[in-house]
Amino acid sequence: FADAQGDVFRGLEVVEASCNMASFQMGELVENVASGVDTYNIREPLGVVGGICPFNFPAMIPLWMFPVAVTCGNTFVLKPSERDPGAAMMLAELALEAGL
């Protein structure tokens, strides 16, 4: 039980960090890199992101992947382990309940 609890709490740390993802997505502008040259980068969603979950970390690995992918504007497809799909199903139900 303690391992499962730690699995969830380590995953929730990534969920909390993902709540601040908007500031990470802003991009950068560097002016006057050279004479009359400015550089910038724009961060854009990739589109569809997939994750494959192992059986030994059924909650932590999806929680590492899908909050970051979704808050960056991507669609996320999760393939849970066939040996332990329960945690992934619970996370999907919670995402649905949250309006995701």
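The values are calculated or read from the model by the stated rules, or taken from the named source; none is laboratory data. A quick note: this is a predicted structure, and the numbers were derived from the prediction, not measured. Glycine gets a Cβ as well: all are built from the backbone with ideal geometry, and neighbour counts include every protein chain shown. Surface accessibility is based on the protein's heavy atoms, side chains included, excluding ligands, DNA and RNA. Shrake-Rupley method; radii C 1.70, N 1.55, O 1.52, S 1.80 Å.
For the stretch 69-100 and the stretch 14-63, compute the distance between their C-alpha centroids and round to whole Å.
That distance is 19 Å.
For the chain, taking Cα atoms only, what is the radius of gyration to one decimal and the Dmax to the nearest whole Å?
17.4, 61
Starting from the exponent 0.38 and prefactor 2.2 Å, build the expected Rg for the stretch 1-52 from its residue count and divide its actual Cα Rg by it. Let's see the in-between values first.
Details: Rg = 18.4 Å, N = 52, 2.2 N^0.38 = 9.9 Å.
Here the Cα radius of gyration is 1.87 times the empirical estimate.
Take each of the peptides 5-12, 85-92, 63-70, 31-38, average the number of other beta-carbon atoms within 10 Å over its residues, and list them starting from the highest.
Result, highest mean first: 63-70, 85-92, 5-12, 31-38.
How many Å² of accessible area per residue for the stretch 4-100, probe 1.4 Å?
Accessible surface, normalised per residue, equals 70 Å².
Between A98 and N41, take the C-beta separation as r, use R0 = 22 Å, and let me know the FRET efficiency to the nearest 0.05.
0.10
Would you compute, from DSSP H runs of 4+ residues alone, the mean residue ellipticity of the chain at 222 nm, taking -39500 (n - 2.57) per run and dividing by the full residue count, rounded to the nearest 500?
-13500 deg cm²/dmol
When the accessible area of the chain is computed with all protein chains present and a 1.4 Å probe, what percentage of it is carbon and sulfur?
Of the solvent-accessible surface of the chain, carbon and sulfur hold 62 percent.
Could you rank C53, C19 by how accessible they are, 1.4 Å probe, largest area first?
C19, C53
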